[in-house]
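Peer 1: First, the structure itself, so that you have it in front of you.
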Amino acid sequence: MKLGSRIHLLIPIILALVFFLACDRKPKNPVSEYGDSLIGTYKKGQQAGEEANLYAVRKAIEAYHAANDRYPQSLEEIRDQIRSEIDLWKYNYNPENGTVSIKK
């Protein structure tokens, strides 16, 4: 074989090897990707809801403090001000300074 024909044969082989070595991703599974996307969206929505509830709890604590010149002793004291079915057990509350956070 001539050198020119060897190069023409060798170039496609090298390109094919580079292509296969560069593709380290697994083949896509559309059903799995769709499920992962739905789960991710659901978790983001849940987190946004928890942050919105935390904001509502903080505002209720501020309103209670403004009206009573003290912080509530527990989150149960502000349940009526929140006007929502928020699970108050999800929050850490410090009655000394009125800080509240989501439990981890």
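Peer 1: Does segment 41-77 hold any residues that are among the β-branched types (Val, Ile, Thr) and farther than 22 Å from Lys104 by Cα, and which are they?
Peer 2: Answer for segment 41-77, where residues must be among the β-branched types (Val, Ile, Thr) and farther than 22 Å from Lys104 by Cα: there is none.
Peer 1: Another question, then. Could you list, in sequence order, all residues of segment 72-94 that are modelled with pLDDT of 90 or more, more than 14 Å from Arg58 (Cβ to Cβ) and not in a helix (DSSP H, G or I)?
Peer 2: Gln73, Ser74
Peer 1: Does Tyr34 meet the test of being of a type outside the set (S, T, N, Q) and free of Cβ contacts under 8 Å to residues at least 24 places away in the same chain?
Peer 2: Criteria met by Tyr34.
Peer 1: Which count do you get for residues in segment 52-71 that are in a helix (DSSP H, G or I), out of contact with any Asp or Glu (no Cβ under 8 Å at 6 or more places or on another chain), of a type outside the set (S, T, N, Q) and without any contact (Cβ under 8 Å) to a residue 24 or more places away in the chain?
Peer 2: Residues meeting the conditions: 7.
Peer 1: Determine whether segment 36-44 contains at least one residue that is surrounded by 15 or more Cβ atoms within 10 Å (Cβ to Cβ) and among the polar types (S, T, N, Q).
Peer 2: No - not one qualifying residue is present in segment 36-44.
The values are calculated or read from the model by the stated rules, or taken from the named source; none is laboratory data. The structure displayed is predicted, hence computed values, not measured ones. Neighbour counts are summed over all protein chains in view; Cβ atoms, including those assigned to glycine, are modelled from backbone coordinates with ideal geometry.
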